[in-house]
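The values are calculated or read from the model by the stated rules, or taken from the named source; none is laboratory data. Note that the structure is predicted; figures quoted are calculated from it, not measured. Reconstructed Cβ throughout: ideal geometry from the backbone, glycine too, with neighbour counts over all protein chains shown.
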Amino acid sequence: MDWSKLQSIHHKFIELYNSNPIAVRSPGRINLIGEHTDYNQGFVLPAAIDREITLCIGLNQSASCNLFSWDLQEHHSFKMDKLVPSQRNWANYIIGVVQQLQLHGHEVTGFDCVFGGDIPIGAGLSSSAALECGMAFGLSNLLGLNLSKIEIARLSQAAENDFVGMQCGLMDQYANMFGKEGKLIQLDCRTETHEEIAVDLKEYGLWLFNTNVKHQLDDSEYNVRRRECEAGVKLIRRKFHQVSSLRDCELSMLTNIEDTTLKNRCQFVIEENARVVEGSKDLQCGDLQGFGQKMYLSHHGLSKMYQVSCPELDLLVEYTRDEPSILGARMMGGGFGGCTINLIDQENVESINSKYSAAYFHATGKRMSIYPVNIANGTSLTALNLN
């Protein structure tokens, strides 16, 4: 995030609350491959990125919490002993974190917060996890809680599951906390441990094509997919009693599932888990073309078998298939809108942007945004300077 905006957020905090805060930078994330596998105890391959939220936070010696969203220019306040959902959806991610801290036995006193950033909302870059983890990290520092990275990730996930009502897995929060510059995270969502994958993309870079649409199906359908996977596991366990999640399953076990929809959901997750493991090997060996093909296979499964894509995402992926400068593309995130992630030859980005922006507008009447992402460090304190 640019320095001038950081300064504006800091100045706004002082203007509103007349005190000096700490500042926390909390990044968004990308996921190169491994979608909807995290809540099935599978594998994912995310990374923290250089788009982030900055939170200025300070204790206020009261029982009230006062929040200000710089980007939306909206206020919200709540009492520490009355944690109820807000009509301002963004506030619920913070209230949920406070609730989880209390449930874990921590005494949370009143605080003030001004936050803003450059993570596009609704683009599938997990601004929600950035807000949750940034708040938990900041309060841990201010209150002397000394929470570990994994404790913050788990607590933030629980806030989203239990207070917001989004039954997400741990990937977003984990990548936010454990991200390292230049490293991908091959996360095992069963053991909650990871292997760092050093990545050399050579002349290629990671670029996001933002559809700039978000269909109103994402939260409800996300939870439906989770229930469908759980239903598939129950059917598989009738014969294979050792199975506890789709992580344990092989394609040959799906013969017990007669329902085509459930079978497709389970097949996608099993195949996607394998793609993460094999794709990580491709990257370690420098086989970018092999990895790019797995990105296309991932998108096909997400669109046709898991059915979480949308016409705009499918269109942007289809545009790239015969483009020599693009090795791979797929939708990223929960689905039904947001971004595709693309592996593009850096020398040709400008012409690709012009070409596909025009084609997308002609086909949909909507503007496409395109921007690069670089792999960055996870959540941390950041310096403030009023000069």
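Per-structure values
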| quantity | calculated |
| --- | --- |
| Hits in the stretch 76-133 (condition: part of a loop (DSSP other than H, G, I, E, B), at pLDDT 95 or above and small (G, A, S)) | S86, G105, G110 |
| Flag for V24 being free of Cβ contacts under 8 Å to residues at least 12 places away in the same chain, in contact with a strand residue (DSSP E or B) (Cβ under 9 Å, 6 or more places away or on another chain) and of a type in the set (A, V, I, L, M, F, W, C) | no |
| Residue list for the stretch 265-289, filter: in contact (Cβ under 8 Å) with a residue 12 or more places away in the chain and out of contact with any Phe, Trp or Tyr (no Cβ under 7 Å at 6 or more places or on another chain) | C266, Q267, V269, I270, E271, E272, R275, E278, S280, Q284, G286, Q289 |
| Condition check for M332: under 29 Å from A198 (Cβ atoms), out of contact with any Lys or Arg (no Cβ under 9 Å at 6 or more places or on another chain) and crowded, with 21+ Cβ neighbours inside 10 Å | yes |
| From R190, R247, residue being farther than 19 Å from G333 by Cβ, touching a helix residue (DSSP H, G or I) at 6+ places or on another chain (Cβ under 8 Å) and assigned by TED's automatic domain parsing to the domain that holds F178 | R190 |
| In the stretch 145-201, residue surrounded by the most Cβ atoms within 10 Å (Cβ to Cβ) [restricted to those that are β-branched (V, I, T) and farther than 19 Å from N40 by Cα] | I152 |
| S298 within 30 Å of G365 (Cα to Cα) and under 20 Å from the mean Cα position of the chain (by Cα) | yes |
| Residues satisfying the stated conditions in the stretch 358-384, i.e. in a helix (DSSP H, G or I) and surrounded by 12 or more Cβ atoms within 10 Å (Cβ to Cβ) | A359, Y360, F361, A363, T364 |
| Those residues of the stretch 162-190 which are assigned to a helix (DSSP H, G or I) and in contact with a strand residue (DSSP E or B) (Cβ under 7 Å, 6 or more places away or on another chain), in sequence order | M171, D172, Y174, A175, N176, F178 |
